[in-house]
1. SER61 - would you say it is without any contact (Cβ under 8 Å) to a residue 24 or more places away in the chain, within 24 Å of MET123 (Cα to Cα), surrounded by 13 or more Cβ atoms within 10 Å (Cβ to Cβ) and touching a Ser or Thr at 6+ places or on another chain (Cβ under 9 Å)?
2. Among the residues of the range 29-46, how many are more than 19 Å from HIS97 (Cα to Cα) and surrounded by 14 or more Cβ atoms within 10 Å (Cβ to Cβ)?
3. Count, please, the residues in the range 75-93 that happen to be farther than 10 Å from PHE112 by Cα and among the aliphatic types (A, V, I, L, M).
4. What number goes with the only condition from (1) at positive phi; (2) over 14 Å from the mean Cα position of the chain (by Cα) that THR35 does not pass?
5. Give the number of residues within the range 102-125 that are more than 15 Å from the chain's Cα centre (by Cα), under 18 Å from ALA81 (Cα atoms) and surrounded by 12 or more Cβ atoms within 10 Å (Cβ to Cβ).
6. How many of the residues making up the range 81-101 are within 17 Å of PHE121 (Cβ to Cβ) and either free of Cβ contacts under 8 Å to residues at least 24 places away in the same chain or surrounded by fewer than 14 Cβ atoms within 10 Å (Cβ to Cβ) (or both)?
7. Go through the range 1-87 and tell me which strands (runs of 3 or more DSSP E), entirely inside it, have 1 or more residues that are in contact with a Lys or Arg (Cβ under 7 Å, 6 or more places away or on another chain) and under 22 Å from GLY109 (Cβ atoms).
8. State yes or no: is PHE49 within 12 Å of the chain's Cα centre (by Cα) and closer than 16 Å to PHE24 by Cβ?
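Bear in mind these aren't lab numbers, they're just calculated from the coordinates by the rules spelled out. Bear in mind the structure is a predicted one, so any value in this text is a computation, not a measurement. Cβ sites come from the backbone with ideal geometry, for glycine too, and all protein chains shown count toward neighbours.
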Amino acid sequence: MEKFDIAATARTPHMSFDPDTGSFLLEGESYPEDTKKFYDAPLSSVYEFLDTELTLSAVFSFKLKYFNSSSAKVLMDLFVAVEESAQRGNLFKIEWHCAADDDNMQELGEEFAEELDKTEFAMVAF
């Protein structure tokens, strides 16, 4: 598992992960030209982290303004992996940040939350 911090671009979000603290952040807009190429390498460290027995409570923060359908698939796969890890006894909190007046992003967060049972989910309005 490797720590990473990837700066945002015009088409890709800021993405950071620290396995020592259990913190993951995805922030900005996500519509990369090649979604697989952008996400696969860094998320492999996250998936490796999720496959371990954790001694800490991890927090996954999502502060997205926009994402396309291929990014939504990546997000859903990540939410499923977090939930599977939580079902094995690991502790997680997912924070879904969105503007108080962004009904679309709120609805998307609620749809993701419906897939979770053992993972704490918090909608954070700003």
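1. no
2. Of the residues in that region, 8 qualify.
3. The qualifying residues number 5.
4. It fails just one condition, (1).
5. Of the residues in that region, 1 qualify.
6. The total comes to 1.
7. Answer list for the range 1-87: 14-18, 23-30, 57-67.
8. So PHE49 fails the test.
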